[in-house]
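Written out below as structure tokens is the structure these notes cover.
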Amino acid sequence: MKKLIMLLLAAFIVTGIHAQNAKRTSAFNYFKNGKLDKAKEYIDPCITNEKTMGVAKTWYYRGNIYLQIALTSNPEYQALDSNALEVAYESYKKCAELDTKGEYTTDVNHNFRVIASNFFNKGVALYNESEYIKAAESFMNTYTISLSMGVVDTLALTNVALAYEVAEDYDKAVESYNALLEIGYTEPMVYNALASIYLNVKLDTLQSEKYVDEGRAIHPDDYQLLIAETNLNLARGENEKALANLSKALETDPENKTIWFALGTNYENVGKLEEAEKAYMKCIEIDPAYADAYYNLGAMFNNQAAEIIEIANELPLDAVEEYDTEKAKADALLEKALPYLEKSDKLNPDNIPTLQTLKQIYTILNQMDKLKEVNDRIKNL
């Protein structure tokens, strides 16, 4: 009787193994016939059953099935798993781990390349849909898979960094950009991005300077790194250094209104007002709809007038003639400022600083109709 029980138990174990193998075989057959829903249904239990979960073939079949789900154009099959590409990747990794004899190595490596390419395409699609974190993760999968096959995909890793930066996950962006430097990818954009993040986000001028210096040592003539150094100069109030760099930048890009605008601002900061005026006028020549250039030009004349009025107000009460002379100079500057400020207002309506400056000038010049209009607009904002 005892022997009979043991024989029955052995038969049950064999039957159980055969049942799971049969499921795996059924999954394979359904896969061959293009019935991905049934193939998925039969392969999924095989990866949790102790009889088949430790067999490379199970994971190989599962990888094939899920890869086809990821690649199919059939909406019904696409809906089976929105993360099919990730599942296929994990399945092939497990297959490679269990495949001690290398039976599936060639096929798995080929499919790794297919998956890497599709992760890249998925990353592009996610990026275009503004799903930046998911895009970064997808690009990272491409990079990791390629690296496992001995290929250093710098484009994929660059896209990881860019996606994290756009997503404002700056710690991961910095980590990714530094990873590029560590593998020898020392393109100017990497140094420029790191310098910009440390300057504008982390407010760390020393780290920003480190990346600017390293980048310019390798790429002394790179335009973007020159601008990065200029931005660092500006943040530190190093106006003369900034002016030198901006002038050099214009040699490369003479029609860049942003550089001319920065040049005008810096000339103004160091008191070179004629040069500032020329720079702002060049901005307007390049882009007649550049509201900020009109505003800065008008504000500069307004500030000059304010300085003259301040000096005039300190004159003795009996210095009437001298006061009138200074007042006339100030009024002339305000008249000069008005067209630029009004143009800026037209291009960029409802800008509070512009409206407040216009209100002040209209008051001083006694232009009551315009003053009433601007007051009404301010109240309605």
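Rule-based calculations on the coordinates, nothing more; no lab input. Keep in mind that what you see is a predicted model, and the values were worked out from it rather than measured. Using ideal geometry, Cβ is built from the backbone for each residue, glycine included, and neighbour counts are taken over all protein chains shown.
Just a few scattered comments:
- Checking the Cα-Cα distances for Lys241/Lys336; Lys241/Lys359; Lys241/Lys282; Lys57/Lys122; Lys40/Lys94; Lys278/Lys336 against a 25 Å cut-off, the pairs over it are Lys241/Lys336; Lys241/Lys359; Lys57/Lys122.
- Extent along the principal axes, Cα only, for the range 289-381: 43, 25, 16 Å, with the longest axis given first.
- Residues in the range 343-358 carry Karplus couplings, in order, of 5, 4, 5, 5, 6, 9, x, 6, 7, 4, x, 5, 5, 5, 5, 4 Hz; the curve used is 6.51 cos²θ - 1.76 cosθ + 1.60 with θ = phi - 60°, and Gly or Pro positions show x.
- Gap separating the Cα centres of the range 137-155 and the range 246-318, nearest whole Å: 49
- Ordering of 276-282, 193-199, 345-351 by burial proxy (mean other Cβ atoms within 10 Å per residue, highest first): 193-199, 276-282, 345-351
- Listed residue (Asn141, Thr265, Ala217) projecting farthest to the positive dipole end of the chain, Cβ model: Asn141
- Computed FRET value (nearest 0.05) for Val151 with Asn366, which takes r as the C-beta separation and R₀ as 56 Å: 0.15
- Restricting the calculation to Cα atoms, the chain shows an Rg/Rh of 1.28 when the hydrodynamic-style radius is the Kirkwood one.
- Estimated dipole of the chain in Debye, rounded to 20 [Cβ of Lys and Arg +1, of Asp and Glu -1, Cα centre]: 3460
- Amide H to amide H distances under 5 Å link Asn74 with no residue, where only residues 5 or more positions off or on other chains count and H is placed in the peptide plane.
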